[in-house]
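Structure first, commentary second.
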Amino acid sequence: CEQPGTMATAGKLAMLMSLATVTALQHATSAMPNPTLLPRLSFLDGQDRSTPVTSKRIHVVRRSRIPLASTASTVAGTDQFKVEKTWTWDGHKCRYVVVNSADVSSTISPCAAVLIHGFAGSADNSWRAVLPALGETRQTYALDLLGLGLSDKPADAPYSIALWQRQISDFCREVVGDVPVVLVGTSFGSLIALSVAADSESSVDVRGICMLNCAVGMNNKNGPAAARAAGERYPEWQLRVFEAVLALIDWLFGQKAVLRAVFARLATAENVRTLLEGIYVNDERVDDELVAAYLEPAATDTAVDVFGAIYTGDAGPLPNPLVTSLLGKLPLLAVWGTRDTITPIDGPVGAFLQELAENSTPELLQFEIVETGHVPHDDAPEKVNAIMSAWMGRIDEWRQ
C-alpha cells in the first residue's frame with residue numbers, strides 16, 4: 001500500500017479531478033440549429049450548391065522502429081519505402097516519416113497526405129496502420145509535433161495550437177514542397193489541420209481535411225465554451241464548476257512536485273496499457289509495440305514539462321467555427337468512433353459535425369460512424385483506411 005503524504009494525495013486529487021472533469025464534459029449533448037443554406041462549392045467546377053439541401057449521408061461502418069536518422073526501409077508486405085528523417089524547425093530537430101511506393105512513377109495522386117497526431121501521439125503510435133495504406137496511392141508524411149513523439153522537447157516552448165499550426169504550415173512548404181496536400185488530423189491534430197486551412201495568410205494548398213474524432217481543443221478548457229456555443233443543456237452553474245475545477249488543476253500542475261508525481265505514475269507500461277485498453281474497443285490492437293511507442297517519448301527528461309504545458313495552456317480556437325468557415329471551400333471528412341469516451345459523438349463537436357452532415361452533402365462534409373473508441377484509424381484500421389482512401393480518391397477526381 002502507498003504511504004499517505006501530501007504530494008501523493010495532491011497527485012491523486014489532480015488525476016481524479018481531471019477524470020471527473022472529462023467525464024462530466026464528455027456526456028454533453030447538443031441542440032444545434034439545423035443549417036439550411038449551404039455555400040457555393042468552390043472546389044467543384046461550375047456546380048453551385050447555394051440552395052437548401054436536406055439530403056442525409058451518414059454511413060454506419062462497423063512499427064518497426066527506425067533509428068532517428070535519414071534512413072529508409074521497405075514496409076513489410078508492400079513495395080513501399082519508409083523513410084525517417086529529421087527536419088530542423090525554429091532551431092529544434094523534428095522527426096518525420098514518409099511512405100510512398102517504391103516505384104515513384106506508380107504513385108497515382110499528385111496530392112500528398114500529411115498526418116497530424118494529437119496529445120501523446122507520434123508517427124509510431126498514431127499512424128502505424130495509416131502510413132502504408134495511404135502510401136499506396138500518394139506520398140504520405142507523418143510529423144512528430146514539437147514537444148511530442150521523437151521530436152525535440154524544449155521545456156520553455158509556447159506549446160499551443162497556434163505553434164503547431166505554424167509548424168505544419170512550414171513543414172508543408174519546406175518538406176512536402178510545392179504540391180497540394182490533404183491534411184489528416186486525429187484528436188487535437190484535427191484542430192491543427194483546420195487552423196492551417198483557415199489561415200488566410202497561409203500559402204499551403206490544402207485540398208481537403210479529414211478529422212478523426214476531432215477534439216474540442218488542446219486540452220479540456222474549451223469544453224464549457226463549446227457547450228455554451230452549442231446550446232448545451234447544462235445549467236450555467238454547472239459549467240462554472242467545471243471551469244473552477246480546471247483552474248484548480250492548473251494550479252496543482254503548476255506545482256512541479258505534483259506534476260512530476262502524476263507523470264511518473266502515468267508513464268509506466270502497466271498504466272499506459274490500462275489507459276489504452278480504455279480508449280480502444282479492439283483490445284488486440286493494444287500490443288507491446290503500441291505501449292512501447294507511447295513510453296519511448298515519455299522517457300525524455302523534459303517530457304513532463306511538455307505534459308504540464310499542454311494540459312494547462314490555452315486550449316486554442318474552437319473547431320466548430322473553423323469548420324463553418326471552411327464549409328464549401330474544400331471537402332471535409334469526419335470519422336467518429338461511437339464508443340469514444342474522450343470526445344464523445346454526442347459531445348459539442350461530434351454532435352455539431354453530425355448535424356451539419358445530415359443537412360449537407362458528401363461533397364461538402366462526409367460524416368462516417370465506426371464502432372471504435374478515440375482512435376478509429378488504429379482501432380479499426382481496415383475500415384477507416386478504406387473510408388479515407390475512397391474519399392481522397394474522389395478529391396483526386398474533382399481536381400482533374
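Scanning segment 348-400 for residues that are open to solvent by 40 Å² or more (accessible area, probe 1.4 Å), assigned to a loop (DSSP other than H, G, I, E, B) and modelled with pLDDT of 95 or more yields one hit, Glu371. Looking at Val104, Val60, Val75, Val99, just one residue is within 30 Å of Val216 (Cα to Cα), at pLDDT below 95 and open to solvent by 10 Å² or more (accessible area, probe 1.4 Å), and that residue is Val60.
Residues in segment 179-194 that are over 18 Å from Glu368 (Cα atoms) and open to solvent by 10 Å² or more (accessible area, probe 1.4 Å): Val179, Pro180.
Could you list, in sequence order, all residues of segment 282-329 that are among the acidic types (Asp, Glu), closer than 26 Å to Asp379 by Cα and open to solvent by 60 Å² or more (accessible area, probe 1.4 Å)?
Just the residues of segment 282-329 that are among the acidic types (Asp, Glu), to begin with: 283-284, 287-289, 296, 301, 305, 314.
Subset that is closer than 26 Å to Asp379 by Cα: 283-284, 287-289, 296.
Passing the criteria: Asp283, Glu284, Asp288, Glu289, Glu296.
The values are calculated or read from the model by the stated rules, or taken from the named source; none is laboratory data. The model shown is predicted, which means the values in this text are computed figures rather than measured ones. Heads up: the accessible areas ignore ligands, DNA and RNA and are worked out on the full protein's heavy atoms, side chains in. Shrake-Rupley method; radii C 1.70, N 1.55, O 1.52, S 1.80 Å.
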